[in-house]
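Worksheet for the structure shown next.
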Amino acid sequence: TKPRRTREFQTEIKQLLDIVINSLYTEREIFLRELISNAADALEKFRYHNLTGEGSSAEELPLEISIELDDKEHTLTITDTGIGMTEEEVIENIGTIAHSGSKNFIQQLAASDSKDLNLIGQFGVGFYAAFMVAKRVRLQTRSYLPGAAGCEWVSEGAGSYDLGPSEGLSRGTRIILELKDDTHEFSRAEVIKRIIRQYSSFVPFPIKVNGEQVNTVQAIWTRNKNEVTEEEYNDFYKFVANAFDEPFYRLHFTADAPLAINALLFVPKQNMERFGFGRLEPGVNIYSRKILIQQHAEDILPQWLRFVKGVVDSEDLPLNISRETTQDRALMTKLRRVITGRFLKFLQEQSQKEPDKYLEFWKTFGVFLKEGAATDFSHRDDVAKLLRFESSKSEPGKMVSLPDYIDRMKEGQEEIYFINGPTRASIEAGPYLEAFRAADLEVLYTNEPVDDFALSNLAEFEGKRMVSADTAELNIPAPPPQEGVESLDYDQIQDLTAWFKEVLGARVSEVRESTRLVESPAIILDLDGMMTGSMQRFMQALN
Ligand code: ADP
Ligand code: MG
């Protein structure tokens, strides 16, 4: 066996521990949720490996989490019979952070005045929450791999940790918390039981406190909708999404054909990518007959729906599903098509049932749907229906959909018009709308380059082409000549445009007489209609 030795934490972990140890929190109890969630993950992994026959542990141990409390010594010990860790894995998983998003989170946390540690679990550093309540943490673990040696990790959270051999366990992980003077309450059974009921009632393994089981293990997604209470749904959401608040939307559905599916999907209240976390991991886990086969599954929904959380259970999936076999890939594609279609239909229903609530959703997650409209050909029409924009015919602050636009189209109108500008006011003060106003044609207002990418890539909706109002060649009627305004003659126009061209030089490719203006003297247009002005500015900024 290796001798005991001391190692330094990675810089970001030192920073994080410094915050965890030295700030005051009202919600310290979340440490337990984090430790239980790690134990549950370790058990899921063990169950999976055991069932698929990869690796094996001779030991027949019940798959469970047990918590022992010592109210005299003020310790809390949490033990799981999960997958455990080898010493190398301990060094890699506890003491190091690989994810750049987590590093960003820690840096932001260090810089901000309010230290909101509720989010700790979502940033892949939940384990360190133990130091909110413990002055010393001991972790003993033994990997499920045959012949693995046990090891112990000990730290007071101040810069370093000790590693050494440990014999106690035959498989799994035990974490012993020596509680701080002001956290002795967490060695009391009634306190711990309350916290488990609050945060961890959906952990799919028995949780025992001093030998007594506290949770009822159930896979609520397989239950009938009318038998699940609002509270159970919300608690389950907190469990799968590692969240502390309630979901914004919920979709629970069952299908028998073309695949047997039980799914429970949630939309969170917040867009975590806006918190500077970088790109979200996919949030849906795949089960087969209540057994977790893939956490954060990549293929169950398209990438642009990565903000959706929840579970999909299909008994048609094999436990050892693999991207390598054609058959499994085909199965996943089929499953993804069904789930995505159902989810988009759900959003469509919500947008009609509760339009105001949907607009709130749109403000938070619209950016993902625009990504879908721009990149996902297979669900183009369904996504297009979900887009929302302000328009020249909407009241300020209200939004319209493409189907609304189509319904209001003028007789003979063949195109859908949009124009980009930073705000409604700036668009309406500019020259682009003049001809459209004169012809009473509706124009959608887009505010960000991504909007123009989405609409341009959509290219058309219900057979009507998307056209940016700054395109040079428009098929719209010219405004009628204004009374009392005299036109220039042919030669004067030639002289004037030539003069403009000479002054502007290479900044413009052509200067022409325009028939589309009413109030403004001149307008800048996009000659080839390939990229709107906002897209060009965006691309230039990228280079
Ligand atoms: P996350 O759970 O989001 O990965 P944590 O900080 O909670 O982040 O845990 C870090 C890692 O440490 C886990 O991913 C896992 O590999 C390992 N780990 C933590 N607790 C356990 C446990 N009880 N059994 C096995 N591995 C664990
Ligand atoms: Mg965790």
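What follows is calculated from the coordinates using simple rules that are stated; it is not laboratory data. Predicted, not measured: the structure shown is a model, and the values here were computed from it. Glycine gets a Cβ as well: all are built from the backbone with ideal geometry, and neighbour counts include every protein chain shown.
With +1 on each Lys and Arg Cβ and -1 on each Asp and Glu Cβ, and nothing else charged, work out how big the dipole of the chain is about its Cα centre, in Debye to the nearest 20.
Value, rounded to 20: 1620 debye.
Write out the GluC sites (Glu not before Pro) in region 220-329 meeting two conditions: DSSP loop, and at most 16 other Cβ atoms within 10 Å of their Cβ.
GLU298, GLU315, GLU324
Compute the distribution of all C-alpha to C-alpha distances in the chain, in bins of 20 Å from 0, and list the percent of pairs in each, rounded to whole numbers.
Final binned percentages: 18, 42, 26, 12, 2, 0.
Compute the distribution of all C-alpha to C-alpha distances in region 320-475, in bins of 5 Å from 0, and list the percent of pairs in each, rounded to whole numbers.
The calculated distribution, bin by bin, is 2, 8, 17, 20, 18, 13, 8, 5, 4, 3, 2, 1, 0.
From the residues MET409, ALA149, VAL308, which one has its Cα farthest along the dipole of the chain in the positive direction, the dipole being from +1 and -1 charges on Cβ of Lys/Arg and Asp/Glu about the Cα centre?
ALA149
Tell me the angle of helix 100-111 to the major Cα principal axis of the chain, expressed in degrees between 0 and 90 and rounded to the nearest ten.
Between helix and principal axis, roughly 90 degrees.
Which value at 222 nm does the chain reach when only helices count, each DSSP H run of 4 or more adding -39,500 (n - 2.57), with the total divided by all residues and rounded to the nearest 500 deg cm²/dmol?
-10500 deg cm²/dmol
Considering only the chain, what is the antiparallel percent among its DSSP beta bridges, to the nearest 5?
Restricted to the chain, the bridges split so that about 75 percent are antiparallel.
For region 369-393 and region 308-361, what is the separation of their C-alpha centers, rounded to whole Å?
18 Å
Can I get the semi-axes of region 1-152's equivalent ellipsoid? Compute them from the C-alpha gyration tensor as square roots of 5 times the eigenvalues, in angstrom, largest first.
Calculated on Cα positions only, the semi-axes equal 28, 18, 16 Å.
Could you give the dipole magnitude of region 108-166 about its Cα centre, charging the beta-carbon of Lys and Arg +1 and that of Asp and Glu -1, in debye to the nearest 20?
180 debye
Of LYS290/LYS357; LYS309/LYS363; LYS225/LYS334; LYS238/LYS363; LYS208/LYS309; LYS14/LYS180, which pairs sit farther than 30 Å apart, going by alpha carbon to alpha carbon?
LYS290/LYS357
Tell me the angle of helix 11-22 to the major Cα principal axis of the chain, expressed in degrees between 0 and 90 and rounded to the nearest ten.
It is inclined by approximately 70 degrees.
Which GluC sites (Glu not before Pro) in region 3-85 pass both tests, a DSSP loop state and at most 14 other beta-carbon atoms within 10 Å?
Sparse-neighbourhood loop GluC sites (Glu not before Pro): GLU27, GLU54, GLU59, GLU60, GLU73.
Over the chain, what is the relative contact order in percent, taking alpha-carbon pairs closer than 8 angstrom and at least six residues apart?
Relative contact order of the chain: 10 percent.
Take the Cα of SER112, step 7 Å along the line toward its Cβ, and report every residue of region 5-46 whose backbone nitrogen sits under 11 Å from that point.
Once the point is set 7 Å along Cα→Cβ of SER112, nothing inside region 5-46 turns out to lie under 11 Å by backbone N.
Cα extents of region 65-128 along the three principal axes, largest first, in whole Å?
38, 31, 17
Read phi for every residue in region 228-233 and hand back ³J(HN,Hα) as whole Hz from Karplus 6.51 cos²θ - 1.76 cosθ + 1.60, θ = phi - 60°, with x for Gly and Pro.
10, 7, 3, 5, 5, 4
Charges on Cβ only, +1 for Lys and Arg, -1 for Asp and Glu, centred on the Cα centroid of region 380-518; of PRO481, VAL511, ALA435, which one is farthest towards the dipole's positive end?
My answer, from the dipole projection, is ALA435.
Considering only ALA260, LEU139, ASN420, whose Cα is most displaced toward the positive end of the charge dipole of the chain, charges sitting on Cβ of Lys, Arg (+1) and Asp, Glu (-1)?
The Cα lying farthest towards the positive end belongs to LEU139.
Please rank ILE321, ILE19, fewest neighbouring Cβ atoms within 10 Å first, as an exposure proxy.
Taking fewest neighbouring Cβ atoms as first place, the list is ILE19, ILE321.
Compute the distribution of all C-alpha to C-alpha distances in region 485-537, in bins of 5 Å from 0, and list the percent of pairs in each, rounded to whole numbers.
Reading the bins upward from 0: 4, 16, 22, 24, 20, 8, 5, 1.
Taking the Cα centre as origin and putting +1 on Lys and Arg beta-carbons and -1 on Asp and Glu beta-carbons, what dipole magnitude results for region 224-292, to the nearest 20 debye?
Result for region 224-292 is approximately 280 debye, rounded to the nearest 20.
Quick one: net charge of PRO355's neighbours, Cβ under 11 Å, K/R +1, D/E -1?
Taking every other residue near PRO355 into account, the sum is 0.
Taking N as the number of residues in region 472-512, what value does Rg over Cα atoms divided by 2.2 N^0.38 Å take?
Here the answer is 1.46, to two decimals.
Quick check: the angle from helix 490-504's long axis to the longest principal axis of the chain, C-alpha only, nearest 10 degrees?
The helix 490-504 is inclined about 30 degrees to the chain.
If you consider only alpha-carbon coordinates, what radius of gyration and Dmax does region 270-412 have, in Å?
17.6, 57
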